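First comes the structure, then the notes that go with it.
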Amino acid sequence: MDFKQIEAFVNVVRYKSFSKAADATFFTQPTISTHIRNLEKELGVKLLDRKSRIVEMTPQGAKFYKYAVEMINARAQAFDALGSSSDSVEGILEIQSSSIPGVTFLPELLADFRREHSGIQYYVSMSDTQTVVDNILERRGEIGFIGEETSLSTLESTLVARDKAILIVPPSYGMPDKITMAEAVTCPFIWRETGSATRRSFEQAASERGYDKDVFEVAALFDDMDPIIRAVESGLGAAIISENIAKSAGSRVQIVEIEGFNEIRSFYMISLRNISLSPAAEAFKEYVVSHSCLAKLEPDEEAEENN
């Protein structure tokens, strides 16, 4: 079993495409195909389903994938330990992120880290919190960023940022700047998918005030933040989103305060416990902790969080 074969397999899974994996690793597509074909021959199983347009793992491939990633990371760690004393790291860092971290603090962290380590390339996949957790557990990414704390003992979780969850409505609604929860729940809502931690936090807050989530009128479901803002701007309905994202939308939407709803969201960096991470992932984890976005929280927000 050759490490080039294992790397080819991991990259095809990562990019879900032979051609994209070839482009990212500077190999030709026939070379990638040959490596995987030889690996499958040696293992005696099919690792990839090539029938659909998007390449997916077979059940056997899914079992092998987690070991493949760990073998590559352990090899990289060994070379790093035996190599030069240079602080520079390089390689492809695969990150899973929920929407709010992915469009607020994560891009700045990625840019700043790459200024120090220009040999780093990122592969970032954005989804909802639950999908991020599932992907990290399945080793589809080394580091994840999510919008709620996880109780899973297999995951290491570090608080890295906070933000408010707020209501936005179309300017055409002509709403006052402050309303009651009773008034808020009458709005048609534009929701994120059911795995969204932001959505769950608001539904829980409403439930604590006697409003079951079944009373909400659902105007639309989106799996991406930008269409949600555009839909609110167009008058489709209201939405609960990050205050930082809402402020970036400017006058396109109206921010409305809900009496008694002062939800400050916490965001966490997660990774699997007790496994070998790549040198790039280890270095990035340390960088995130030392450059935590908590330092950027406004004083009044810090006070609310501590109350």
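Annotations
- Some residue of the range 50-59 being of a type outside the set (Lys, Arg), in a helix (DSSP H, G or I), exposed (fewer than 15 other Cβ atoms within 10 Å of the Cβ) and at pLDDT 90 or above: yes
- Tally of residues being of a type in the set (A, V, I, L, M, F, W, C) and either surrounded by fewer than 21 Cβ atoms within 10 Å (Cβ to Cβ) or in contact with a Cys (Cβ under 8 Å, 6 or more places away or on another chain) (or both) across the range 226-244: 3
- Of the strands (runs of 3 or more DSSP E) lying entirely inside the range 136-244, those containing at least 1 residues that are without any contact (Cβ under 8 Å) to a residue 60 or more places away in the chain and out of contact with any His (no Cβ under 6 Å at 6 or more places or on another chain) are 188-192, 217-222.
- Among residues of the range 245-255 being hydrophobic (A, V, I, L, M, F, W, C) and either in a helix (DSSP H, G or I) or surrounded by fewer than 20 Cβ atoms within 10 Å (Cβ to Cβ) (or both), the one that is farthest from the chain's Cα centre (by Cα) is 255.
- Residue in the range 19-36 that is surrounded by fewer than 15 Cβ atoms within 10 Å (Cβ to Cβ), modelled with pLDDT of 90 or more and not in a helix (DSSP H, G or I) present: no
- Answer residue from the range 257-268, given it is assigned to a strand (DSSP E or B) and of a type outside the set (D, E, K, R) and is farthest from the chain's Cα centre (by Cα) among those: 258
- Flag if residue 271 is at pLDDT 95 or above, of a type in the set (S, T, N, Q) and assigned to a strand (DSSP E or B): yes
The values are calculated or read from the model by the stated rules, or taken from the named source; none is laboratory data. Owing to the predicted nature of the structure, the values given are computational and were not obtained by experimental measurement. Note that we place each Cβ from the backbone using ideal geometry, even for glycine, and neighbour counts take in every protein chain shown.
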